[in-house]
Amino acid sequence: MRIPHVRTRIPDTRRGLAVAVAVAVVAAATGLSAGPGPASAAAIAGSVATAAASPLTAIGSRPATRDAPVPTNIRPSLSRAARDYPKPYFDGCHVEQDGGLPADGGCLYGKVNSKTTIALFGDSHALSWFPAVERLAIDKGWRLISLTMSACTPAEIPAYMPRNHSVSWACAEWRDAALGLLEQVHPAVIIAAGTRGFATVDDAGNLLTGSARTAAWEAGVERTVDRLKEAGGRVIWMADTPIARVDPPICLARHLRSTLACATPVSYAVNQVWLSEEHYMTQIEDVGFIDPSLWICPTSPCPAVIGRVQVYRDAGHMTATFMATLAKRLEKAVATDLAAHPNG
């Protein structure tokens, strides 16, 4: 199996600095030593890590999660949570894994005749944000174009499917078509996101792990973000959402007297190293960055229920009902970013 050769790559010095910053952030969050030596993360932290880590969520900065019975009026209900999808799942606008190309002209929401267009772009973790982004578009009187595909990382890298032991060429075709569509539409704002749980290969078809996998992702993000910046106004990257250790709806159904039984340790739910990597890449590419970790995991351990709303529909995805509750927070975060960067 041959994979198209990577066209560009971020220099190793940048990759090394990103890793060092990530280590420094984790050290600060956990209280662990960053290690000795003149090039240690502790030394770098004084000049770089403070700026890099400032918007990120420290692992130990949350109050304790309180236990409680599962609310009798929980939303969505325990039986419906697993299918509490965002709208594009049902109207055919979200492309399933190895599906086809984006709909002709894209799928439009909000005020479809507006002169201002915003876009949502990425994989199923990006689609999780649809309820909040749609609300933003409606409130602002904007048109929303939604472009998402399951298991298709927005980074321009081969999407390897472990179950099939093959590369998804459909993902590469869809991604290129989606980016081409954005280049035609020229959105004022593009909100992009992707899961950290991707697999990829090198140009010889070898599965990448560790730093090699991260370096490939960095280079792929650089290529994608460069196209996004050419396509639209302001690009904003959403950090990946926290994950659950269990399947929360199933767990809650089995533990009706204790929502805490289905909570997830913050150290498992929030990958601080990856969060730092995402943030660093947005600094390199000079695009916006929003970390929603505290919105989704405000207490420790990360709750499966907030108020009377189920957070997760499965271990890796949020319920549409919960994500709709984050609309105002997203709107404020986007407004803050746009105010700080009025020219994109």
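Looking only at residues in the range 312-344 that are in a helix (DSSP H, G or I) and small (Gly, Ala, Ser), which one is nearest to residue 269 (Cα to Cα)? Give the derivation first.
Applying the first criterion (in a helix (DSSP H, G or I)) to the range 312-344 yields 320-324, 327-340.
Subset that is small (Gly, Ala, Ser): 320, 324, 327, 333, 335, 339-340.
Details: 320: 19, 324: 21, 327: 22, 333: 22, 335: 27, 339: 31, 340: 30 Å.
So, considering only residues that are in a helix (DSSP H, G or I) and small (Gly, Ala, Ser), the one nearest to residue 269 (Cα to Cα) is 320.
When residue 155 is tested against (1) surrounded by fewer than 18 Cβ atoms within 10 Å (Cβ to Cβ); (2) touching a residue at least 60 places away in the same chain (Cβ under 8 Å); (3) in a loop (DSSP other than H, G, I, E, B), just one condition goes unmet, and that condition is (1). When the range 107-123 is filtered for residues that are crowded, with 19+ Cβ neighbours inside 10 Å and not in a strand (DSSP E or B), only 123 remains.
Conditions tested, residue by residue: (1) touching a helix residue (DSSP H, G or I) at 6+ places or on another chain (Cβ under 9 Å); (2) within 24 Å of residue 318 (Cα to Cα); (3) assigned by TED's automatic domain parsing to the domain that holds residue 294; (4) modelled with pLDDT under 95.
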{"site": "129", "(1), (2), (3), (4)": "yes, yes, yes, no"}
{"site": "152", "(1), (2), (3), (4)": "yes, yes, yes, no"}
{"site": "169", "(1), (2), (3), (4)": "no, no, yes, yes"}
{"site": "182", "(1), (2), (3), (4)": "yes, no, yes, no"}
{"site": "187", "(1), (2), (3), (4)": "yes, no, yes, no"}
{"site": "194", "(1), (2), (3), (4)": "yes, yes, yes, no"}
{"site": "203", "(1), (2), (3), (4)": "no, no, yes, yes"}
{"site": "211", "(1), (2), (3), (4)": "yes, no, yes, no"}
{"site": "223", "(1), (2), (3), (4)": "no, no, yes, no"}
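Here 268, 312, 280 are screened, and the one residue that is assigned by TED's automatic domain parsing to the domain that holds residue 229, surrounded by fewer than 16 Cβ atoms within 10 Å (Cβ to Cβ), modelled with pLDDT of 95 or more and hydroxyl-bearing (Ser, Thr, Tyr) is 268. Quick check: is even one residue across the range 289-311 part of a helix (DSSP H, G or I), over 15 Å from residue 196 (Cβ atoms), among the hydrophobic types (A, V, I, L, M, F, W, C) and touching a residue at least 60 places away in the same chain (Cβ under 8 Å)? Looking through the range 289-311, at least one residue is part of a helix (DSSP H, G or I), over 15 Å from residue 196 (Cβ atoms), among the hydrophobic types (A, V, I, L, M, F, W, C) and touching a residue at least 60 places away in the same chain (Cβ under 8 Å). The single residue among 98, 67 that is acidic (Asp, Glu), within 30 Å of residue 161 (Cα to Cα), in a loop (DSSP other than H, G, I, E, B) and in contact (Cβ under 8 Å) with a residue 60 or more places away in the chain turns out to be 98.
Which count do you get for residues in the range 199-223 that are aliphatic (A, V, I, L, M) and touching a residue at least 60 places away in the same chain (Cβ under 8 Å)? Give the derivation first.
Residues of the range 199-223 aliphatic (A, V, I, L, M): 199, 201, 204, 207-208, 212, 215-216, 219, 221.
Then keep just the ones that are touching a residue at least 60 places away in the same chain (Cβ under 8 Å); that gives 201, 204, 215-216, 219, 221.
Total meeting the criteria: 6.
Select, from 227, 245, the only residue that is over 15 Å from residue 282 (Cβ atoms), touching a helix residue (DSSP H, G or I) at 6+ places or on another chain (Cβ under 6 Å), surrounded by fewer than 17 Cβ atoms within 10 Å (Cβ to Cβ) and in the same structural domain as residue 123 (by TED's automatic domain parsing). Steps first, please.
Numbers: 227 fails: surrounded by fewer than 17 Cβ atoms within 10 Å (Cβ to Cβ).
Just one listed residue meets the conditions, 245.
Restricting to the range 195-224, name every residue that is assigned to a helix (DSSP H, G or I) and surrounded by 16 or more Cβ atoms within 10 Å (Cβ to Cβ).
First pass over the range 195-224, keeping only residues assigned to a helix (DSSP H, G or I): 210-224.
Matches in the range 195-224: 213, 214, 215, 216, 217, 218, 219, 220, 221, 222, 223, 224.
Residues in the range 225-258 that are closer than 21 Å to residue 175 by Cβ, part of a loop (DSSP other than H, G, I, E, B) and modelled with pLDDT of 95 or more: 239, 240, 241.
The values are calculated or read from the model by the stated rules, or taken from the named source; none is laboratory data. No experiment lies behind these values; they were computed from the predicted model shown. Glycine gets a Cβ as well: all are built from the backbone with ideal geometry, and neighbour counts include every protein chain shown.
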